[in-house]
Amino acid sequence: MNIGLTLGLVLLVATVPIGIGLGWYAWNYRSLPGALTLAVTALLAALWAVAGVGELAVAGLQNKVIWANIQYVSITLLPVSWLALAIDYSGRRRWLTLRRVLALSVIPLATQVLLWSDPYHHLMRATVWLDTTGSYPVVGRTFGPWFWVHCAYSYTLLAIAIGIIAATLVSTPYFYRRPPLALLIGCLIPVASNVAFVFAPSVMPAFDFTPVAAAFGGLLIAWALFQIRILNLVPVARHTLVENLSEGMLVLDEFDRVVDVNRSAQELIGRPKTSILSQPISQCWKAWAQIAAPHAAGANQADLCLGEDGCQSYYEVKWSPLFRHDRIVGRIVGFRDITERVLMEENLRRQTLTDSLTGLPNRTLFMSRLEESIRLARRREDAVFAVLVLDLDWFKLVNDSIGHLAGDVLLQSVAVKLTGCVREVDTVARMGGDEFMILLNSITSARDILPVIDRIQEELRRPVPFEQQEMAAACSIGVVIWNPTFEDPEDILRAADTAMYQAKEAGRGCHRIFDDEMHTSVIRMLKAENDLRTAIQQNRFSLAYQPIVHLQTSAVRSLEALIRWHHPERGTIFPGDFIAMAENSGLIAPLGEMALREVCSQMSRWQSQKSLAGDLPVSLNVSSRQVTDPEFPATVHSRLAEWRLPADRLMLDITEGALIREPLISKKTMRALHDMGVRLCLDDFGTGWSSLQHLTTFPVQQLKIDRAFISKIAHRTTSYEVVRSLITLAQTLGLEVVAEGVESSEQWRLLNELGCDYGQGYYVGRPMGPEELATYLEDMERGSCLFPRPEEAGVRVRVPESAQRSREVETPVWHPRISLAAKRTP
């Protein structure tokens with residue numbers, strides 16, 4: 001047996017199952033890039049090997065030529081399939097349309113036609129003979145002209161395919177280069193074998209063993225398929241998970257050189273991929289410096305800001321190590337665009353820390369900067385600062401006369417002017433309403449502040465045009481210069497407020513600097529606030545009840561509950577001395593809640609004891625904070641339900657000042673109370689911000705005329721005409737009228753003549769505790785009295801100043817004609 005022939009047959013026979021196996025495996029993954037074309041290529045190589053076995057195995061020239069012609073099916077189509085494989089593998093499958101594949105197959109098909117008809121024209125083989133000069137007989141031939149056309153075309157396609165695979169190899173990151181490298185070598189092996197057979201036949205066997213070379217190349221590709229998983233890792237990991245991600249992905253080696261970069265990261269860096277790959281990231285991207293520092297510190301993420309002011313983008317950067325054989329060989333860096341989130345957070349932060357109307361810092365931001373200034377001043381003696389609190393004078397007049405839009409324009413103008421009067425290191429903020437705050441840093445004495453105040457007053461006096469009108473502003477300014485006695489920002493702001501109110505009292509349009517006398521006043525106020533807070537916690541309060549009588553029938557119509565503070569050092573304190581402090585400090589809410597609870601509890605006890613006061617309505621003063629609290633109606637309803645009291649037994653006295661604070665909210669709260677059945681009274685009418693609109697807008701059933709008018713009606717003065725007009729107006733609107741501060745029989749008589757419904761005052765009865773009130777009502781029921789009338793006794797009753805401020809009289813003087821007829825009064 002011829003050893004050469006046997007070896008050739010073995011090699012060719014072994015090629016067949018390799019080609020078929022490769023084709024079958026690739027067919028199973030035909031949806032992946034390069035798989036379908038690799039299957040076709042492998043099957044063509046197997047066909048070539050089968051035909052080669054046939055040529056070597058048969059005898060006779062004619063039979064060998066037939067098998068040689070069958071080999072040309074694979075020889076002519078393999079270059080086309082290799083090119084298609086390269087195109088498909090490189091991610092350009094969309095190029096492989098049916099029309100283009102057919103166009104590439106025109107010359108191979110023409111070669112087939114010419115080959116089988118070669119005896120008639122000899123374009124493929126000029127001569128053919130059976131060559132027996134070698135160790136085994138083969139087909140001898142000389143090449144015709146078309147063979148060289150076919151040869152040039154085939155090598156051109158193979159060269160293009162090799163070029164595409166080589167380009168893919170170069171552009172592929174280091175970690176992914178083995179698959180395309182295996183594919184390139186697998187292509188070069190059969191090409192090199194065929195080139196040697198055609199152009200150097202003296203150094204090659206007489207038979208073309210290109211299929212055997214293709215088998216070795218196929219084995220290499222098979223190893224790539226099974227070991228490197230070329231057909232299911234690269235397309236998924238490279239093209240899908242990396243290249244098409246919206247997030248930027250960057251792969252760095254252990255020396256921070258760029259190994260891979262996807263399209264999104266390339267756009268961030270702003271350079272072509274060819275100038276990025278294999279380069280140190282710090283050299284090809286300046287923005288990497290923002291990430292290098294956190295990474296060096298051991299963090300696993302950082303924030304990145306790109307772009308100029310006004311056109312910035314923000315990214316969240318995270319990195320993870322890449323391991324190979326338990327050793328870190330690089331890291332993968334991901335970039336996620338968080339611009340929208342950052343802008344939204346910045347907008348929320350701006351809304352939280354700035355005033356929406358003026359754009360200035362609000363109280364929260366101002367207090368934060370004031371805390372920073374305090375910390376710096378405690379560390380450095382020369383870091384002195386000052387705080388200015390400004391309140392616009394007559395701002396309400398602008399709102400009421402020109403309109404709220406004009407007020408907004410004026411506030412915006414003031415904000416701009418104040419900002420222009422200070423340095424960039426200083427802070428101008430709006431506290432709310434028409435109050436502004438200024439923090440002046442790095443001053444030495446009051447002399448540094450005075451020029452700033454002068455500039456502010458001068459700028460504010462400049463007119464502001466608005467709808468063919470001009471508005472000007474002035475302000476009262478309170479100034480505080482830092483000293484270590486202040487404990488926190490609230491102390492400083494409270495001191496500045498004190499100085500500002502001193503400026504208001506001095507005539508407005510001026511300034512006052514906080515001094516030791518004011519400091520003493522503040523300390524005294526702070527102590528009073530602390531005492532009041534302690535008194536609320538320890539319930540050091542009681543309620544006194546003052547009768548309100550019908551002026552025509554002398555019947556006790558109702559009671560007014562008045563609170564008393566029992567101070568351990570100062571004794572009994574009347575409301576006029578602590579209510580304003582409670583409102584300013586925010587303690588009015590718990591104080592009002594305690595008073596409401598006690599009133600309801602006392603009315604319930606009177607009912608259960610069958611007391612004469614059991615059927616008398618009780619009125620209670622409420623503050624502006626309670627009226628503007630949306631939960632206040634629910635609180636009242638809860639207390640009435642807790643003590644099982646009808647709603648009409650409770651009357652709430654509300655001052656006009658409480659209504660103008662938040663008129664819409666106040667109206668809603670009062671409407672809810674009215675619908676519940678609670679009676680409402682407009683207290684101290686005729687003082688403060690009196691407006692006839694209040695009588696028609698708010699659901700009140702009663703109004704009280706302030707004692708300031710009642711005390712002067714006996715002299716037939718202007719107060720008499722005011723009282724007469726108020727009574728007439730109220731009766732026209734269907735409202736009941738109560739006169740406060742009835743102190744003499746003459747006042748009683750005049751009010752009765754004017755048609756006033758009810759009166760209260762020391763002439764009727766002083767505020768009393770529950771036990772004393774029970775005695776009072778019993779005496780009235782019997783028609784007796786405990787004390788004579790002032791006129792009869794010839795005693796002039798002196799009203800304490802504190803009682804006058806609280807609208808109460810402590811001297812008990814009872815009228816003998818008053819009787820308890822409330823139950824019979826319609």
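General remarks:
- Selection status of Phe366, under 25 Å from the mean Cα position of the chain (by Cα) and aromatic (Phe, Trp, Tyr): yes
- Hits in the range 363-386 (condition: open to solvent by less than 90 Å² (accessible area, probe 1.4 Å), more than 14 Å from Ile492 (Cα to Cα) and either polar (S, T, N, Q) or assigned to a helix (DSSP H, G or I) (or both)): Thr364, Leu365, Leu376
- Considering the conditions (1) β-branched (Val, Ile, Thr); (2) surrounded by fewer than 21 Cβ atoms within 10 Å (Cβ to Cβ); (3) closer than 22 Å to Asn483 by Cβ, Ile438 is excluded by exactly one of them, (2).
- Scanning the range 347-361 for residues that are part of a loop (DSSP other than H, G, I, E, B) and open to solvent by 60 Å² or more (accessible area, probe 1.4 Å) gives a single hit, Ser356.
- Extreme residue, most open to solvent (accessible area, probe 1.4 Å), among residues of the range 307-318 that are within 22 Å of Ala296 (Cβ to Cβ) and touching a residue at least 24 places away in the same chain (Cβ under 8 Å): Tyr314
- Count - residues of the range 512-540 that are surrounded by fewer than 18 Cβ atoms within 10 Å (Cβ to Cβ), outside any helix (DSSP H, G or I) and either in contact with a helix residue (DSSP H, G or I) (Cβ under 7 Å, 6 or more places away or on another chain) or touching a residue at least 24 places away in the same chain (Cβ under 8 Å) (or both): 2
- Counting only helices (runs of 4 or more DSSP H) that fall entirely inside the range 103-195 and contain at least 3 residues that are of a type in the set (Gly, Ala, Ser) and either farther than 25 Å from Lys64 by Cβ or open to solvent by less than 10 Å² (accessible area, probe 1.4 Å) (or both), the qualifying elements are 145-171.
- Only one of the numbered conditions (1) touching a Phe, Trp or Tyr at 6+ places or on another chain (Cβ under 7 Å); (2) free of Cβ contacts under 8 Å to residues at least 40 places away in the same chain; (3) assigned to a helix (DSSP H, G or I) is not met by Val742, and that is (3).
- The range 319-331, subset closer than 25 Å to Ser264 by Cβ and open to solvent by less than 100 Å² (accessible area, probe 1.4 Å), residue nearest to the chain's Cα centre (by Cα): Trp319
Yes or no, residue by residue, for (1) modelled with pLDDT under 95; (2) surrounded by 15 or more Cβ atoms within 10 Å (Cβ to Cβ):
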site: Glu583; (1), (2): yes, yes
site: Leu596; (1), (2): no, yes
site: Pro630; (1), (2): yes, no
site: Leu652; (1), (2): no, yes
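- Members of the range 611-624 found to be buried (at least 18 other Cβ atoms within 10 Å of the Cβ) and either among the basic types (Lys, Arg) or part of a helix (DSSP H, G or I) (or both), listed by number: Leu612, Ala613, Ser624
- Yes/no for Met344 being aliphatic (A, V, I, L, M), farther than 30 Å from Gln469 by Cβ, open to solvent by less than 30 Å² (accessible area, probe 1.4 Å) and not in a loop (DSSP other than H, G, I, E, B): no
- Flag not set for Ala415, criterion: of a type in the set (A, V, I, L, M), closer than 27 Å to Met471 by Cα, at pLDDT 90 or above and touching a Pro at 6+ places or on another chain (Cβ under 7 Å).
- Any hit, the range 473-487, residues being in contact (Cβ under 8 Å) with a residue 12 or more places away in the chain, open to solvent by 40 Å² or more (accessible area, probe 1.4 Å), acidic (Asp, Glu) and out of contact with any Leu (no Cβ under 7 Å at 6 or more places or on another chain): no
- Qualifying residue in the range 389-407 (condition: farther than 23 Å from Pro451 by Cβ, in a loop (DSSP other than H, G, I, E, B) and under 30 Å from the mean Cα position of the chain (by Cα)): no
The values are calculated or read from the model by the stated rules, or taken from the named source; none is laboratory data. Since the model is a prediction, treat every value here as computed from it, not as a measurement. Please note: Cβ atoms are built from the backbone with ideal geometry, for glycine as well, and neighbour counts cover all protein chains shown. Quick note on the areas: whole protein, heavy atoms, side chains included, nothing else; ligands and nucleic acids left out. Shrake-Rupley method; radii C 1.70, N 1.55, O 1.52, S 1.80 Å.
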